[in-house]
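See below for the structure under consideration.
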Amino acid sequence: MRGYLVAGNWKMNGSNASNRALVEGIVAGVPSSSDVQLLVCPPFPYISSVAGLIEGSPVLLGAQNVSAHASGAFTGETAGSMLQDVGCEFVIVGHSERRALMGETSKTVALKFKAALDIGLKPILCVGETLEQRESGQTKTVIDEQMNAVLDEVGIDVFSDAVIAYEPVWAIGTGVTASPEQAQEVHRHIRRLLESHNAGVAERIKILYGGSVKGDNAAGLFSNPDIDGGLIGGASLKSDDFLAIAEAAASLS
Ligand code: PGA
């Protein structure tokens, strides 16, 4: 039993005041199921204050990005050790917005994934195809390239400490969700790819779905055998919306 992880990617949203209301709402409504973990990933300036707000609750903390470097003259970058120092357990790497808007290549993502693991953070590796790639039948090729870049860098064994998020780019922030069948097909493909390296790791790793997950479509997605929760953008910014997704996971566990 892998259990579910429901992770909120707040992106570049929030303020001290809105974060407090959001986190207090989440903490007050955490589902009682021990098979559902909740994670919040605030913007960097708020990580410490959110760490204080979730203290004593089961809510977990993560960041949205990490430097591939350990320390030094990298103005504006944030090292994994710093994230860990302020209470992060997870870090998102390779989000499609960073790949598309910040020029992160699969190689950069692989180095960030490695840097996170080296310091003891759990990376959440995002992979996913664009609409054009899907329509031209390249979905699995794209996923394989993104996955293999990381596998080549770090090997399979360390994936035991990682999470994968399948996020079709065309479903992110668009209100268009992949159907449960479309999502399950790619999740199965990712698990099979990992299985070809190490069956035990493939069986244990959580593979999240991301892209317009809401309270009313979460159960349909999460009820599939290879979907172990969600990476939630828009619906992670209101506690009721986020908790509705967590409840959907709890109802299945
Ligand atoms: P969305 O974003 O839920 O707003 O589609 C998901 C993500 O980008 O992680």
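The values are calculated or read from the model by the stated rules, or taken from the named source; none is laboratory data. Just so it is clear, the model here is predicted, and its values are computed rather than measured. Glycine also receives a Cβ, built like all others from the backbone with ideal geometry; neighbour counts cover every protein chain displayed. Please note that ligands, DNA and RNA were not included when accessible areas were found on the heavy atoms of the full protein model with its side chains. Shrake-Rupley method; radii C 1.70, N 1.55, O 1.52, S 1.80 Å.
Observations, loosely collected:
- For the range 156-170, 3J(HN,Hα) per residue [Karplus equation, 6.51 cos²θ - 1.76 cosθ + 1.60, θ = phi - 60°, Hz, x = Gly/Pro]: 7, 4, 6, 5, 4, 9, 10, 10, 10, 10, 8, 10, x, 4, 6
- About the Cα centre, charge dipole magnitude for the range 141-244 (Lys/Arg +1, Asp/Glu -1 at Cβ), debye: 260
- Shape parameters for the chain, alpha-carbon atoms, Rg then Dmax in Å: 16.8, 49
- With a Förster radius of 51 Å applied to the C-beta separation of LYS238 and THR105, the computed FRET efficiency comes to 0.90.
- Total charge dipole magnitude, the chain, about the Cα centre, Cβ charges on Lys, Arg, Asp, Glu only, Debye to nearest 20: 180
- Dipole-positive endmost among ILE245, PRO31, GLY233 within the chain (Cβ charges, Cα centre): GLY233
- Against the criterion of solvent-accessible heavy-atom surface with a 1.4 angstrom probe, TRP10, TRP170 sort, most first, into TRP170, TRP10.
- FRET efficiency for the ARG204 to ALA17 pair, using the beta carbon distance and R₀ = 41 Å, is estimated at 0.55.
- If you plug the beta carbon distance of SER253 and THR75 into 1/(1 + (r/R0)^6) with R0 = 45 Å, you get a FRET efficiency near 0.55.
- Base-10 log of normalised Debye intensity for the range 40-173 (one unit scatterer per alpha-carbon) at q = 0.09 Å⁻¹: -0.27
- Average accessible surface area per residue within the range 154-202, 1.4 Å rolling probe, Å²: 40
- Using Cβ point charges alone (K and R +1, D and E -1), the dipole size of the range 1-114 about the Cα centre works out to roughly 380 debye.
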